[in-house]
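Enquirer: Next up is a structure, given as structure tokens.
The values are calculated or read from the model by the stated rules, or taken from the named source; none is laboratory data. Computed from a prediction, not measured in an experiment: that's the story for all the values here. We place every Cβ from the backbone using ideal geometry, glycine too, and count neighbours over all the protein chains shown. Accessible surface is based on the protein model in full, side chains and every heavy atom, while ligands, DNA and RNA are left aside. Shrake-Rupley method; radii C 1.70, N 1.55, O 1.52, S 1.80 Å.
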Amino acid sequence: MKVSTGIKNLDVIMDGGFIDKSFNLVYGGGGTGKTLFTFNFLLNGAEQGNNVLYITLEESWDDITRKLPDGMRKRLDAIRDKFHYLDFGSLRPVLGREIMEVNVLTEAIASSIVVNNVSLVGFDGIAPLSIYYEDEHKLRSVIFNLSQSIKSYGATTVFTSEEIDGRSRYGTEEFVADSVIRLTYNGTKRRLQILKTRGTGFVGGKHGLEISSSGLRVYPKLLFPEGKAKPMPESMGILKLDNMLGETFSGDITLITGPPGTGKYLFGLSFLKNACKHGKNGLYISFEENIEKIKRRLDDLGDSRKLCKVIYIDPKNEDIYKILWQLRALTKDTNRLVLHGMNMLSTSEEYEDFIHAFLGYMRARGISTMLTYSTTQIIATNTLGDEQIVNRADNIIKLLFAEIGGELKKILVIIKSHSPTHERGLVEYRLGKRGVVIVGKIEGMEGVMSGTPTKQMEIKKRVESFFK
Ligand SMILES: Nc1ncnc2c1ncn2[C@@H]1O[C@H](COP(=O)(O)OP(=O)(O)OP(=O)(O)O)[C@@H](O)[C@H]1O
Ligand SMILES: [Mg+2]
């Protein structure tokens, strides 16, 4: 049987939560959320009808509850009769170090568990035990005995310890514990990592953690898609482009990559507009601030606003795993999705995990996804810009500029598609009021991708004159 951790989304990556009657360690540096984690665990338990017990050895109960965020304090007020506490933090200055003697502690805890019929215990901060037990070996056996005692009364416990040099304070806690969770905070990002669960599986790696007024929430690094949608023929929404690609399907991932000014967003809008015309829902998410231009162009393309939404997500101030879970929620009723400006996200060190989870999920859900990526070089660029997407995309369309006849022309080239017979030539396109217009193939030129092409005949002539 499992006991809920009470933290949103954490049970999912812990195979249902804590094992019943287990002793679970949460450790981390100062301010990483250990106390609030413990509170969240107990609050949720009390809200489910359990009697819970909070034990503090360090800070006083008054200090701790004064610092609780408003939302959590309200939750506490609502279940106050089920929430019991032992305030050794206040008693210690009065009764001295002997209060930390294990028999005294164990007896007080045991009687509170029995008297109040407690099933969940939060033991916040074990550091003060070292005041009484200076010898490390002794301290280890004390923690072990304490865990055995609480377990024997049938309670499930979260206990906390500080992190020192990447380990929990005494090292021992990790061996005593049935599960170990590590919290970190670098001033901008909070992370939660499950390091061990006895007897059950868990999703490894670092997950996003958010503390808000009402409590804690985990943003797992995975999205857990259910089932697999059947691929159906799909359209890019641009005349002639479908033929050039050969074939496209729902659930496909299409990358549009190129320098600024090549109209990547219009490829995205045409893709959505076409879906909306056929009664499907389209969502355009931009990681670039200026979405007014995109909204205006969507209007220009026709009345699509009812089915096509345009949203801005700020990649600099949002956690990448939170964005991942936002995308999951936002695409609930979406058939086609455009993410504009993936380059704004790609600097995150967790970008690879994000792409893996996100693209796998969209593909499984059958949501056709177009991603635009802005490369920095205007002319003569060999890069596709994004290794992570390139490796996973079904279709890759590269946009570029080339100087032809004294004019900077827009060229597209299909790098990859499902079809082995896709168009291999370089194709000129224009951006018009009605979207992207395919002009035609560039014929008789060489070196177009270098940005400064020459006529094929000229090369031939030069080669001939060389051999003369
Ligand atoms: N309403 C809130 N919204 C967002 N963050 C909050 C809110 N209230 C508190 N926090 C954050 O929670 C963290 C404090 O959590 P907590 O007291 O649980 O940490 P701790 O690991 O127990 O710290 P210590 O080691 O000092 O005991 C702080 O980083 C604080 O900024
Ligand atoms: Mg604390």
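Enquirer: Looking at GLY31, is it surrounded by fewer than 20 Cβ atoms within 10 Å (Cβ to Cβ), assigned to a loop (DSSP other than H, G, I, E, B), modelled with pLDDT of 95 or more and within 13 Å of ligand 2 (Cβ to nearest atom)? So that I can check it myself, show each step before the final result.
Expert: Details: surrounded by fewer than 20 Cβ atoms within 10 Å (Cβ to Cβ): yes; assigned to a loop (DSSP other than H, G, I, E, B): yes; modelled with pLDDT of 95 or more: yes; within 13 Å of ligand 2 (Cβ to nearest atom): yes.
Yes, satisfied.
Enquirer: Which of the numbered conditions does PHE41 fail, given that it passes all the others? Conditions: (1) open to solvent by 50 Å² or more (accessible area, probe 1.4 Å); (2) more than 8 Å from ligand 1 (Cβ to nearest atom); (3) modelled with pLDDT of 95 or more.
Expert: (1)
Enquirer: Does the stretch 260-276 include one or more residues that are under 26 Å from ASP314 (Cα atoms), among the charged types (D, E, K, R) and touching a Leu at 6+ places or on another chain (Cβ under 8 Å)?
Expert: So far as the stretch 260-276 goes, yes, one or more of its residues are under 26 Å from ASP314 (Cα atoms), among the charged types (D, E, K, R) and touching a Leu at 6+ places or on another chain (Cβ under 8 Å).
Enquirer: Right, SER22: surrounded by fewer than 24 Cβ atoms within 10 Å (Cβ to Cβ), under 24 Å from GLY199 (Cβ atoms) and either over 29 Å from the mean Cα position of the chain (by Cα) or touching a residue at least 40 places away in the same chain (Cβ under 8 Å) (or both) or not?
Expert: Yes.
Enquirer: Of all residues in the stretch 104-123, which are surrounded by fewer than 18 Cβ atoms within 10 Å (Cβ to Cβ) and touching a residue at least 24 places away in the same chain (Cβ under 8 Å)? Talk me through it step by step, then tell me what you get.
Expert: Just the residues of the stretch 104-123 that are surrounded by fewer than 18 Cβ atoms within 10 Å (Cβ to Cβ), to begin with: 104, 106-108, 110-111, 114-117.
THR106, ALA110, VAL114, ASN116, ASN117, listed by residue number.
Enquirer: Restricting to the stretch 55-73, name every residue that is out of contact with any Ser or Thr (no Cβ under 7 Å at 6 or more places or on another chain), open to solvent by less than 40 Å² (accessible area, probe 1.4 Å) and within 13 Å of ligand 1 (Cβ to nearest atom).
Expert: THR56, LEU57, THR65, LEU68
Enquirer: Is it the case, given these coordinates, that ASP70 is within 16 Å of ligand 2 (Cβ to nearest atom) and more than 30 Å from PHE224 (Cα to Cα)?
Expert: No; evaluated as a whole, the condition is false for this residue.
Enquirer: Residue pairs, Cβ under 6 Å, 6 or more apart or interchain, first in the stretch 124-149 and closer than 20 Å to GLU98 by Cβ, second within 16 Å of ligand 2 (Cβ to nearest atom). List them.
Expert: GLY125/LEU57; GLY125/GLU58; GLY125/THR160; ILE126/SER161; PRO128/LEU57; PRO128/GLU58
Enquirer: It is to be established whether one or more residues within the stretch 432-439 are modelled with pLDDT under 85 and either open to solvent by 70 Å² or more (accessible area, probe 1.4 Å) or in a loop (DSSP other than H, G, I, E, B) (or both).
Expert: Within the stretch 432-439, one or more residues are modelled with pLDDT under 85 and either open to solvent by 70 Å² or more (accessible area, probe 1.4 Å) or in a loop (DSSP other than H, G, I, E, B) (or both).
Enquirer: What number goes with the only condition from (1) open to solvent by less than 70 Å² (accessible area, probe 1.4 Å); (2) at pLDDT 90 or above; (3) within 30 Å of ASP319 (Cα to Cα) that THR383 does not pass?
Expert: (2) is the only condition that THR383 fails.
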